[in-house]
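No lab work stands behind these numbers, since they all come straight from the coordinates. What you see is a predicted model, and the numbers here were worked out from it, not measured in a lab. A quick note on method: Cβ atoms are made from the backbone with ideal geometry, for glycine too, and the neighbour counts reach across all protein chains shown.
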Amino acid sequence: MKTWVYAFVGYCILFGAVGAQVFHDDHRLSSQGPIPPAFLLSSQSKVARALDQLPDDEPQEVRDLKSDFYEESYYYTNKLLHSGKVLFNDPVSTYLSDLIDRLLIHDPALRAQIQVYAVRSSNANAFATNQGLLLVNLGLISRVNNEAELAFILCHEIAHFSRQHPIDIYLQGEYRKEARKNILGKREEYPLFERKQYSQEKEQEADLVGWELYRKTPYDYQGALGAFDLIQTAELPFGNTDFIPEFLEIKGLRFPDSYTRATIPEMTPLQVDTVPDVGTHPSTSVRKKYLSDRIAAYGLRPSGTFFLLPEKRFFRIREVARFELCHLYLQERAYEPALYHAFLLSQRYPKHQILKETVAYALYGLAKYANQGQFWDVHKDYSVQNGPERKLYYLMEQLSPDELTTLAMLHSLECWQNRGTAGRMAAMTRDLMRELGIHHVTDVDYFSPNVSGGEPDNFVQNALGDLYQDSAFLRLLTLEIRNGKSIRENRLKKEAYRLPRTYLQRELALKGFNLGLKKIVLVEPYYQKYDERKEKSIRYLESEEKEQNMLQTLEKHASACGIQHISLASHLLDASDVASFRDLAVLNEWFNEQGLHQGVDMISTNHNEIYRLRKKYQCDHFVWVGTFSTVTKRRNAAFIVGAGVVVFPLLPIALYYGLTPAHETMLYASIYDIKTGKYVLQFPKKMRLKDKDDLMNSVLYDLMYQISYP
Amino acid sequence: MLRNPFFASCCIIFLFLLGDTCCVFSQVPGYLGQKNILHLRVTGAPAVAYGSEEGLWGPNLKWGLGWERVISRRFSLGLVAYQIGTKVRYANFQKENGLAHVWANAAGVQIHWYNFFKRGNIAPIGPYQRLEVMYLNYRLQDIDRKYYLDGRENLGNFDDLAFTFAVGTKGIIGTRLSYHVGIQTGTMMRILSTSFISSSDPDILGAARLIRHMSFNLECGIGYLFK
């Protein structure tokens with residue numbers, strides 16, 4: 001008996017730990033285990049395989065169209081899979097896979113063709129590809145109310161795949177273009193209305209087929225109807241709790257009443273229903289009514305079953321998605337939605353460190369943008385907000401940049417103190433202290449409490465509370481304010497003695513950058529070839545091949561220039577390289593985030609993970625290289641040839657000019673110093689030349705040479 | 001002026017010092033680290049003949065051998081030598097026509113500037129402009145021996161300064177071989193001579209023929225790259 005009791009207690013502890021780990025752990029959702037084959041195969045091999053499966057008697061024109069579709073579809077799908085946004089073997093994807101198992105329990109052949117993955121995106125959406133990939137955004141999972149709703153959405157997507165809707169819609173579009181050519185004499189996009197109508201028909205068909213699949217499961221039909229309600233409120237937060245401004249108050253900082261007076265309107269569904277024909281999907285209310293009619297026709301009764309898998313598991317997974325959603329909002333610079341969702345989650349987890357850090361980072365982002373005078377880039381007018389988060393938007397609008405910076409600094413400091421280690425929060429706190437020095441404060445006396453007892457002119461005066469007595473804190477604040485002041489002075493000096501930008505660019509271009517780096521990490525290069533003379537301008541497969549070649553070229557030149565290098569690229573990975581795959585995901589996320597903060601020098605959301613990579617690869621400098629190559633028709637070609645005929649000795653040149661297209665190649669390279677979080681080099685190079693091997697060799701060697709040259 | 005050896009040497013030293021200075025202040029990647037090209041060039045006028053008259057048919061070519069060294073991202077500097085062979089018809093003091101070979105050798109410096117800012121290419125590949133300044137020595141060899149009464153063959157040795165300007169494009173095959181194609185125009189100092197049009201002196205005759213020869217050419221060449 002005693003043994004059983006011990007075993008039971010042990011099980012509870014273990015289960016509790018595992019259950020809690022998912023969203024109490026600092027580590028965010030990430031891919032695990034072996035990399036699935038779909039992530040490793042190139043678009044070229046996927047296209048070849050798909051074409052092999054086409055029937056031999058298929059007419060050549062249809063075959064060509066399908067080939068075009070496969071190229072485009074596989075190329076973009078691979079880009080998405082390699083971006084790291086698509087998760088595999090993580091708790092959410094595993095849950096979705098188990099759910100699909102239940103839905104297709106009677107159709108193992110179809111089940112074998114389908115793979116389902118969670119996608120790190122805040123949009124409440126799911127989609128299916130023609131290859132059987134079902135991709136479900138975390139934004140959707142965080143908003144579903146029960147498993148039955150999610151099951152219906154998956155059934156709908158399975159129907160898209162089983163009926164091959166993606167390729168069907170594509171082919172239909174091409175046929176209609178061809179038909180218009182017969183009438184008008186040229187291929188032309190068929191009208192938007194017709195196109196959307198066809199897509200809407202397919203959506204309705206997917207609803208119907210999906211419903212038939214759903215009906216075979218024990219789920220309650222309310223789940224299917226609930227899925228439509230979910231679509232209607234997809235843009236709204238997952239909760240409906242009034243925002244309480246006290247949530248953000250900290251230390252001695254208290255918001256004046258005038259900052260919190262926004263009135264809250266009722267939450268209303270999206271307005272798209274009033275204009276049913278704008279989207280690729282039919283009006284949600286029409287779809288819901290259509291389904292309701294069918295349910296009524298079947299005479300179904302509520303089964304009361306909303307969960308087939310353990311209910312606890314669903315809620316745990318949804319909670320994981322909600323935590324992740326906060327992070328995704330931060331990455332997308334949607335700081336106020338992140339704040340509001342953190343507020344909603346904090347109702348249940350009031351002391352959760354991740355939520356506190358989310359709040360601190362959101363305030364940090366708002367403060368940084370406000371200090372740069374770009375607050376409205378990341379803020380939306382409170383008066384257009386639709387729900388209970390309006391009060392939050394109003395509050396943010398009322399706060400002046402120095403108030404916002406102080407508020408963010410105090411929240412970051414608290415998180416830093418809770419963690420007790422240096423990292424993102426420490427870096428943010430110091431950065432915000434410097435921001436105070438750069439933009440607002442000359443001395444710590446700015447925070448001296450108002451001892452007169454009256455209302456302070458500026459509520460920031462009392463913000464520090466007991467921190468004002470903390471000598472260690474005051475020393476740090478004084479130091480960083482002083483640093484901030486010197487940064488401001490240096491900036492002013494630079495402004496005063498700044499040489500013309502064009503002159504500097506010219507000098508830099510001629511003399512090179514002299515970075516003198518000895519070790520770099522080459523992150524997956526990007527290459528895209530366009531032929532603007534053709535209707536389908538992007539050359540997908542060629543682009544993919546060029547990407548792989550470019551990495552080889554970069555590696556070769558890096559070696560020739562004496563640079564130690566490590567390459568991280570999806571085409572170099574095998575199934576066991578999940579760690580490298582995750583590293584790539586982190587780097588891509590970081591790179592995309594940096595790209596969003598144009599002109600604002602931000603510490604990234606995955607600062608800690610990037611630091612881990614720095615230690616892992618023992619390298620501070622990460623290099624991203626990309627190329628865009630375009631071919632266009634020449635302007636005035638006929639005139640030049642005519643001139644060549646008149647000035648006949650120049651005819652060969654004129655003919656060459658007139659008969660060949662114009663080429664343009666754009667190379668960009670970004671080198672980041674992970675240690676400082678800043679660009680070491682942004683190298684856009686525009687060349688009015690064809691991307692021939694010798695040209696690319698020349699410029700890529702030059703790039704490596706500049707990186708290595710001391 | 002270049003007849004003065006001191007002045008000519010000064011010019012060449014100046015140009016190389018200029019190149020060397022450019023090297024100090026800029027990184028010089030070359031093509032995959034290879035900054036030198038040894039090239040063989042042939043230029044020819046669109047009409048592959050010396051002239052329209054009888055006896056004047058023949059390939060209208062100019063052979064050049066050169067070396068260029070990349071000194072910055074957009075410049076390369078080097079030496080070049082040409083060998084030209086052509087024919088000219090003359091009339092002696094008795095108004096008799098005769099035919100003479102014009103042999104010319106030229107040597108000098110060449111500077112290429114590549115369209116680094118306009119097109120984005122880095123020396124030594126891509127579209128370029130080239131200026132050559134050469135000391136040119138030419139001699140006339142009388143084929144019919146009618147110019148002088150004593151029937152001597154050598155009509156004289158003459159010196160001049162020649163300039164050529166070319167635009168073209170250069171590419172690389174593999175990693176070591178380069179090719180270039182373009183058009184070239186050029187002239188000589190003697191074109192400024194007051195008696196250039198009317199004179200029937202051998203030096204003017206030869207110069208006139210060479211100037212016509214140099215006035216418009218198509219050029220192509222191959223080269224070998226090395227460090």
Taking max minus min of the Cα coordinates of the stretch A:297-446 on each principal axis, largest first, gives extents in Å of 74, 39, 21
Farthest positive-ward along the protein assembly as shown dipole, Cα basis, beta-carbon charges - from B:Leu218, A:Phe255, A:Phe622: B:Leu218
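Taking each residue of A:606-619 in turn, how many C-beta atoms of other protein chains fall within 10 Å of its C-beta, and what is the average? Each step should come with its number before you reach the end.
Details: counts 0, 0, 0, 0, 0, 0, 0, 0, 0, 0, 0, 0, 0, 0.
Averaged over the peptide's residues, the number is 0.
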Using the Kirkwood radius over C-alpha pairs as Rh, can you work out the diffusion coefficient of the stretch A:582-701 via Stokes-Einstein at 10 °C, viscosity 1.306 mPa s, in µm² per second? 90
Hey, what D do you get for the stretch A:46-130 in µm²/s if you plug the Kirkwood alpha-carbon radius into Stokes-Einstein at 10 °C and 1.306 mPa s? 105
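Order by neighbour count: A:Asp431, A:Asp470, fewest other Cβ atoms within 10 Å first, most last.
Details: A:Asp431 22, A:Asp470 13.
The fewest-first ordering by Cβ neighbours comes to A:Asp470, A:Asp431.
Quote the charge dipole size of the protein assembly as shown about the Cα centre in Debye, to the nearest 20; the model charges only the Cβ of Lys and Arg (+1) and of Asp and Glu (-1). Don't skip to the end; give the middle numbers.
Numbers: 107 positive and 103 negative charges, 527 e Å.
For this selection, approximately 2520 debye.
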With R₀ set to 30 angstrom, the calculated FRET efficiency between the beta-carbons of B:Ser215 and B:Tyr179, to the nearest 0.05, is 0.75
Just round it to a whole percent: the fraction of Cα-Cα distances in the stretch A:406-551 exceeding 29 Å. 53
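Once every DSSP H run of n ≥ 4 in chain A is given -39500 (n - 2.57) and the sum is divided by its residues, what mean residue ellipticity at 222 nm do you get, rounded to the nearest 500 deg cm²/dmol?
Details: 27 runs with 389 residues, N = 710.
Helices in chain A give a 222 nm mean residue ellipticity of -18000 deg cm²/dmol.
Over all directions, average the projected area of the Cα convex hull of the stretch A:510-603 and note it in nm². If you can, show how the numbers build up before the last one.
Numbers: hull surface 38.3 nm².
Over every viewing direction, the Cα hull of the stretch A:510-603 projects on average to 9.6 nm².
For the residues A:Thr406, A:Thr217, what sequence is obtained by ranking on other C-beta atoms within 10 Å, fewest first?
By the 10 Å Cβ count, ascending, the order reads A:Thr217, A:Thr406.
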The stretch A:567-630 versus the stretch A:663-710: alpha-carbon centroid distance in Å: 17
Cα centroid distance between the stretch A:83-130 and the stretch B:130-182, in Å? 75
Using the Kirkwood formula on the Cα atoms of the stretch B:41-189, what hydrodynamic radius do you get, in angstrom to one decimal? 17.2
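Report, in listed order, any pair from A:Lys536/A:Lys633; A:Lys202/A:Lys289; A:Lys686/B:Lys35; A:Lys79/A:Lys511; A:Lys79/A:Lys368 with a Cα-Cα distance greater than 25 Å.
Details: A:Lys536/A:Lys633 15 Å; A:Lys202/A:Lys289 17 Å; A:Lys686/B:Lys35 23 Å; A:Lys79/A:Lys511 36 Å; A:Lys79/A:Lys368 32 Å.
Table pairs above 25 Å Cα-Cα are A:Lys79/A:Lys511; A:Lys79/A:Lys368.
Starting with the fewest neighbours, write out A:Cys619, A:Cys561 ranked by other beta-carbon atoms found within 10 Å of each beta-carbon. Don't jump to the answer; show the numbers that get you there.
Working: A:Cys619 18, A:Cys561 21.
Least to most surrounded, the residues fall as A:Cys619, A:Cys561.
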For the stretch A:287-364, listing trypsin sites (Lys or Arg not before Pro) in a DSSP loop whose Cβ sees at most 10 other Cβ atoms within 10 Å gives A:Lys351
Just need log10 I(q)/I(0) for the stretch A:45-190 at q = 0.09, 0.10 Å⁻¹, Debye formula, equal scatterers on the alpha-carbon atoms, no solvent, rounded to two decimals. -0.35, -0.42
Whole-Å semi-axes of the protein assembly as shown's equivalent ellipsoid (Cα gyration tensor): 70, 39, 24
Separation in nanometres of the label points that stand 7 Å from Cα toward Cβ, at A:Asn145 and A:Glu495: 5.5
Which number do you get for Rg(Cα) / (2.2 N^0.38 Å) in the stretch B:144-227? 1.56
